[in-house]
Amino acid sequence: MKKALILLGCPESPSQTPMAIYVTYKLKKMGYEVTTASTPSAMKLLEVGDPEGLYIENKIDIDSCLDKLDNSAYDLLVGFIHKDAAVSYFVTFYSILNTTSVAIIFEKDADKLFEFEKSVSESTDAEIVSARAYHNPTPLRVRFDKKIKKMEESGALWI
């Protein structure tokens, strides 16, 4: 079974939690075993949103897992980016794992969104899904679905 790692930082954007559950759902349907690495507050929101653990099964702390990572641990990295710190985390995990990666970049400010996209594209070869989003996750969901379908068709994803 292929393994995916989802990175979640600070949960201040309302779009992050439902999108994280949605991305987990999609990846599990594709046959991935999904692990979520997050801050404690982001994990609490996921646990409330998925109380029976139907989607969010494997959970680890984003900081403590860094020492245990190796480049063969995961087949796919998906990072949620809506702050400078999230860019840094994503680039760090990308560098360690050296695997197929998708950066989900969202911000309500267009200038910051562009800045985050530029930072990720200059530091990685990750696929980028981005949208001006804060409260409404729909633009991210639609773009994520299109990107995943395109990656499947090109053979970039293991299914």
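Can ALA156 be described as more than 20 Å from TYR25 (Cα to Cα), aliphatic (A, V, I, L, M) and either touching a strand residue (DSSP E or B) at 6+ places or on another chain (Cβ under 6 Å) or surrounded by 13 or more Cβ atoms within 10 Å (Cβ to Cβ) (or both)?
no
If MET30 satisfies all but one of (1) closer than 20 Å to GLU107 by Cβ; (2) surrounded by 15 or more Cβ atoms within 10 Å (Cβ to Cβ); (3) touching a residue at least 60 places away in the same chain (Cβ under 8 Å), what's the number of the condition it fails?
With (1) closer than 20 Å to GLU107 by Cβ; (2) surrounded by 15 or more Cβ atoms within 10 Å (Cβ to Cβ); (3) touching a residue at least 60 places away in the same chain (Cβ under 8 Å) applied to MET30, the lone miss is (1).
Against the condition in contact (Cβ under 8 Å) with a residue 12 or more places away in the chain, more than 18 Å from THR17 (Cβ to Cβ), surrounded by 14 or more Cβ atoms within 10 Å (Cβ to Cβ) and out of contact with any Cys (no Cβ under 6 Å at 6 or more places or on another chain), how does PHE144 come out, does it pass?
Here the answer is no, as PHE144 does not meet what is asked.
The conditions are (1) touching a strand residue (DSSP E or B) at 6+ places or on another chain (Cβ under 6 Å); (2) closer than 25 Å to GLU152 by Cα; (3) among the aliphatic types (A, V, I, L, M), and ALA42 fails exactly one of them. Which is it?
The single condition ALA42 does not satisfy is (2).
What is the residue count in segment 104-118 for residues that are touching a helix residue (DSSP H, G or I) at 6+ places or on another chain (Cβ under 9 Å), in contact (Cβ under 8 Å) with a residue 12 or more places away in the chain and either part of a helix (DSSP H, G or I) or β-branched (Val, Ile, Thr) (or both)?
3
Only residues that are in a loop (DSSP other than H, G, I, E, B) and touching a residue at least 24 places away in the same chain (Cβ under 8 Å): list them for segment 33-58, please.
Selection gives THR39, ASP50, TYR55, ILE56.
Evaluate the following for TYR89: is it under 23 Å from ALA73 (Cβ atoms), in contact (Cβ under 8 Å) with a residue 60 or more places away in the chain and either out of contact with any Asp or Glu (no Cβ under 9 Å at 6 or more places or on another chain) or surrounded by 15 or more Cβ atoms within 10 Å (Cβ to Cβ) (or both)?
yes
Looking at SER121, SER130, SER101, can you tell me which residue is without any contact (Cβ under 8 Å) to a residue 12 or more places away in the chain and either under 14 Å from the mean Cα position of the chain (by Cα) or surrounded by 13 or more Cβ atoms within 10 Å (Cβ to Cβ) (or both)?
SER121
Of everything in segment 122-159 that's touching a Leu at 6+ places or on another chain (Cβ under 8 Å) and closer than 15 Å to SER15 by Cβ, which residue is modelled with the lowest pLDDT?
Residue satisfying both the conditions and the ranking: ALA133.
For a quick check of your reading of the model, give me the residue pairs whose first member lies in segment 3-15 and is surrounded by 24 or more Cβ atoms within 10 Å (Cβ to Cβ), whose second is of a type in the set (Asp, Glu), with beta-carbon atoms closer than 8 Å and at least 6 apart or on different chains.
ALA4/GLU33; ALA4/ASP75
The values are calculated or read from the model by the stated rules, or taken from the named source; none is laboratory data. Remember, it's a predicted structure, so these values are computed and weren't measured experimentally. Here Cβ is always computed from backbone atoms with ideal geometry, including for glycine, and neighbour counts include all displayed protein chains.
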